[in-house]
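Worksheet: the structure to be examined is printed underneath.
The values are calculated or read from the model by the stated rules, or taken from the named source; none is laboratory data. Fair warning: this is a prediction, and the values are worked out from it, not measured in the lab. Heads up, the Cβs are rebuilt from the backbone with ideal geometry, glycines too, and the neighbour counts pull from every protein chain shown.
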Amino acid sequence: MDTPKSVLAEKAKEVLKKAYAPYSGFKVGAALLCSDGSIYTGCNIENASYGATICAERVAISKAISEGQRDFIAICIVSDPQNGPCYPCGICRQVLSEHCTDDFEIILPDEMGALNTFTLSSLLPFGFSNKNL
Ligand code: THU
């Protein structure tokens, strides 16, 4: 990966400050790296009608796709370090699997700041797909 993981982590930490999470108090930031080197960020945006909440990862990927991006390399997801690594929720894993390949990288800083990396296929084995229909 040309763009260092630390750059993605910094961008994710920056957007984390913009999270709107008055209900859970759990703030999340995400930075998504595209194959052209551009980076799209997102934060979680909660709603009084809880089901209308959108996660940071889906904000980032929605922004990227709506700007014409189609090819994704990696995403870094951060929360308050005391929460530990912020593994993406099931819905976000499914959304990522729609647009990313199995080797897409999910970078999750741990409590010590180490940038642990997982492939999408390791976090979503046997994900649902109807691409062959
Ligand atoms: N959240 C994310 O933004 N990403 C995830 O992958 C997990 C959960 C948000 C949604 C909600 O605003 C808060 O974290 C608590 O669930």
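Of note:
- Within the range 42-65, the residues that satisfy the criterion of being within 20 Å of residue 101 (Cα to Cα) and either touching a helix residue (DSSP H, G or I) at 6+ places or on another chain (Cβ under 8 Å) or within 13 Å of the ligand (Cβ to nearest atom) (or both) are 56, 57, 58, 59, 60, 61, 62, 65.
- Residues being crowded, with 17+ Cβ neighbours inside 10 Å and either of a type in the set (A, V, I, L, M) or more than 8 Å from the ligand (Cβ to nearest atom) (or both) - total across the range 22-41: 10
- Within the range 96-106, the set of residues being more than 15 Å from residue 31 (Cα to Cα) and within 16 Å of the ligand (Cβ to nearest atom) comprises 97, 98, 99.
- Only one of the numbered conditions (1) closer than 21 Å to residue 7 by Cβ; (2) without any contact (Cβ under 8 Å) to a residue 60 or more places away in the chain; (3) touching a Pro at 6+ places or on another chain (Cβ under 7 Å) is violated by residue 78, and that is (2).
- Condition check for residue 87: under 21 Å from residue 117 (Cβ atoms), within 10 Å of the ligand (Cβ to nearest atom), of a type outside the set (A, V, I, L, M, F, W, C) and surrounded by fewer than 17 Cβ atoms within 10 Å (Cβ to Cβ): yes
- Any pair with Cβ under 7 angstrom, 6 or more apart, that starts in the range 53-70 at a residue that is farther than 20 Å from residue 107 by Cα and ends at one that is within 14 Å of the ligand (Cβ to nearest atom) and among the charged types (D, E, K, R): 53/46
- The set of residues in the range 1-21 that are modelled with pLDDT under 95 and either among the aliphatic types (A, V, I, L, M) or within 15 Å of the ligand (Cβ to nearest atom) (or both) contains only 1.
- For beta carbons closer than 7 Å, sequence separation of 6+ or different chains, a first residue in the range 19-32 that is within 18 Å of residue 9 (Cα to Cα) and a second that is surrounded by 17 or more Cβ atoms within 10 Å (Cβ to Cβ) and of a type in the set (Asp, Glu), the qualifying pairs are 30/57.
- Wholly enclosed strands (runs of 3 or more DSSP E) of the range 1-108 bearing at least 3 residues over 24 Å from residue 126 (Cβ atoms) and of a type in the set (S, T, N, Q): none
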